[in-house]
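Shown next, in structure tokens, is the structure this report addresses.
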Amino acid sequence: MRLGFLLGALCLAACAPREAAHCNVSFDREIAFTAPDARDVVTVRALGPSCDKVVALYVIASEDGHPIWAWTAPASRAFGDAFQIADADAMRAFLERWASPRIERTSAAPAWPLREGAHTTLNRLTYEDIRARDLPMLCHLSGVALETCVFWEPAAAGAGHLLDREAPEEAAANAN
């Protein structure tokens, strides 16, 4: 009887659903985006059932914690074959590199008409106005050799999408 009970318990334990290994990793970096002396924060996260199946999240928050920009995508779709991350330690290393955006001014954005490899959802008048106003611009990787650039609009206390473009070689190399 005891042996039957023990065998039954072992069978139930073997059939019990096992919790999958998760890959939930995040990293924060302080940056100055909204003003030269600002203490804004970039938070990058990887959330998924395993490190090769995560959703990547990029959030910029003002120093008071208010989110001002967010970008998200399935990491393997955005970063393709370059995204071969097997464990949480490798994911953390990737996130630390990814949380280092380039901060420039909108005057450094390409002139209209945009060359091949760059696009915006803004019309020409709005795009050229933002460029001419020389606002803070933050560019982060958003794909294989692709970066997304957002601008800070102080009058609206918000960030807006300026353009997507080919990433400079050094930025793309940093992601790997």
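The values are calculated or read from the model by the stated rules, or taken from the named source; none is laboratory data. Since the model is a prediction, treat every value here as computed from it, not as a measurement. Here the Cβ is made from the backbone with ideal geometry for all residues, glycine too, and neighbour counts use every protein chain on show. Note: areas computed on protein heavy atoms with side chains; ligands, DNA, RNA excluded. Shrake-Rupley method; radii C 1.70, N 1.55, O 1.52, S 1.80 Å.
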Worksheet item: Can we say residue 61 is of a type in the set (A, V, I, L, M), over 19 Å from residue 153 (Cβ atoms) and crowded, with 17+ Cβ neighbours inside 10 Å?
Response: no
Worksheet entry | Filtered residues of the stretch 79-96 (kept if modelled with pLDDT of 90 or more, part of a helix (DSSP H, G or I) and open to solvent by 20 Å² or more (accessible area, probe 1.4 Å)) | 88, 89, 90, 92, 93, 96
Worksheet item: In the set 69, 152, which member is assigned to a strand (DSSP E or B), over 16 Å from the mean Cα position of the chain (by Cα) and under 20 Å from residue 33 (Cα atoms)?
Response: 152
Worksheet item: Pairs, please: C-beta under 8 Å, at least 6 apart or cross-chain, first residue without any contact (Cβ under 8 Å) to a residue 40 or more places away in the chain and under 15 Å from residue 33 (Cβ atoms) and in the stretch 129-142, second of a type in the set (Asp, Glu) and open to solvent by less than 10 Å² (accessible area, probe 1.4 Å)?
Response: 139/147
Discussion item. With open to solvent by less than 70 Å² (accessible area, probe 1.4 Å) and more than 18 Å from the chain's Cα centre (by Cα) as the only criterion, which of 43, 120 stands out?
Written reply: 120
Discussion item. Tell me the residue from 115, 102 that is open to solvent by 30 Å² or more (accessible area, probe 1.4 Å) and at pLDDT 95 or above, please.
Written reply: 102
